[in-house]
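The values are calculated or read from the model by the stated rules, or taken from the named source; none is laboratory data. Bear in mind that the values here come from a model prediction, so they are computed numbers and not experimental data. For accessibility, only protein heavy atoms count, side chains too; no ligands or nucleic acids. Shrake-Rupley method; radii C 1.70, N 1.55, O 1.52, S 1.80 Å.
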Amino acid sequence: MTDIKGDRLYVNLGASQVRRRLKGYGFGVRKVFSDGKNRAVIIHTATGDHLRELAALFQDVIESPDEAE
């Protein structure tokens, strides 16, 4: 897969569920893909307020940076 430009946000949720939560919002999301069972990666270009809103949308399932590796 080509390397898509943007920051990555790992969440403990399936990719289809992530897409459902994002429906109607933009937040600079470029791509959502699966990274295993019940784990997805959101590639985004959100900064500032949009980044905070994106994190708030997934606050219950967001993965800490040390878990992502």
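Accessible surface of the chain, 1.4 Å probe: 46 percent of it comes from carbon and sulfur atoms.
For the chain, relative contact order (Cα pairs under 8 Å, six or more residues apart, normalised by length) works out to 38 percent. A cut-off of 5 Å between modelled amide H atoms, ignoring neighbours fewer than 5 places along the same chain, links Leu13 with Arg39, Ala40.
In the chain, helices alone account for a calculated mean residue ellipticity at 222 nm of -7500 deg cm²/dmol, with every DSSP H run of four or more residues adding -39,500 (n - 2.57).
A straight chain from Glu53 to Asp35 at 0.36 nm per residue would run longer than the Cα-Cα distance by 4.2 nm.
Of interest is the spacing of the C-alpha centroids, which for the stretch 1-39 and the stretch 49-64 amounts to 12 Å.
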